[in-house]
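Student: What follows is a single structure, and I will ask about it in a moment.
The values are calculated or read from the model by the stated rules, or taken from the named source; none is laboratory data. Predicted model, so just to flag it, every value in this text is computed and none were measured. Using ideal geometry, Cβ is built from the backbone for each residue, glycine included, and neighbour counts are taken over all protein chains shown. Each accessible area value is taken on the protein alone, full model and side chains, heavy atoms only, with ligands, DNA and RNA left out. Shrake-Rupley method; radii C 1.70, N 1.55, O 1.52, S 1.80 Å.
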Amino acid sequence: MKITIENVPEGGEPEIILRCNDPDESLLRLIYSVNGGTRKLIGMTDSQLHVINPRDVYYFEAVDHKVFIYCHELVYESRLKLYELETDYGHGGFFRASKSVILNIAQIKSLSPVLYGRYEALLHNGEKVYISRQYVPVLKRKLGL
């Protein structure tokens with residue numbers, strides 16, 4: 001692969017040009033990270049709206065028809081549905097861990113196998129999240145295993 005970097009004249013807009021035969025999944029992830037890397041989330045606590053950087057999110061969880069955004073110490077409510085969050089952030093470092101959880105891979109400290117093919121993810125904030133056996137192959141693919 002050849003990479004060329006050129007300086008943009010004063011006042012010009014930066015531009016990325018990709019030339020390829022057939023874009024694979026890793027190239028699409030790169031495009032998403034460049035294009036969608038600055039996208040923010042909106043979370044609610046009481047009557048306040050908060051802007052959240054997706055890198056700060058540990059996981060999203062659906063409970064009783066509501067979706068919550070779990071960060072290091074705070075929990076926010078989201079107006080988006082879980083499938084919308086999966087669509088918006090699934091190409092980045094997030095993946096569906098179970099029917100009700102979307103997990104940020106970057107926040108996983110360690111993984112341990114548990115009964116019936118499931119895994120337990122220990123997150124950097126000390127919380128444990130279970131990964132259903134049907135989603136374990138997705139996690140392994142995202143981790144390159």
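Student: In deg cm²/dmol and to the nearest 500, what is the mean residue ellipticity at 222 nm of the chain if only DSSP H runs of at least 4 residues count, each as -39500 (n - 2.57), divided by the residue total?
Tutor: Helix-only estimate at 222 nm: -5500 deg cm²/dmol.
Student: How much area per residue is accessible in the chain when the probe is 1.4 Å and only protein heavy atoms are counted (Å²)?
Tutor: Details: 10620 Å² over 145 residues.
On a per-residue basis, 73 Å².
Student: So what does Ser47 come to for accessible area, using a 1.4 Å probe and Å² rounded to 10?
Tutor: Near enough 110 Å² of accessible area.
Student: Taking the simple approach of a point 7 Å from Cα along Cα-to-Cβ for both Ile42 and Lys81, what is their distance in nm?
Tutor: Going by the 7 Å Cα→Cβ label model, 1.8 nm.
Student: Measure up Lys81/Lys128; Lys109/Lys140; Lys40/Lys99; Lys2/Lys109 against 26 Å on the Cα-Cα distance and list the ones that go over.
Tutor: Among Lys81/Lys128; Lys109/Lys140; Lys40/Lys99; Lys2/Lys109, the Cα-Cα distance tops 26 Å for Lys2/Lys109.
Student: Here are labelled values, [x] 1.04; [y] 1.22; [z] 1.54, and one is the computed Cα Rg over 2.2 N^0.38 Å for what I pasted. Which one?
Tutor: Read-out from the structure maps to [y].
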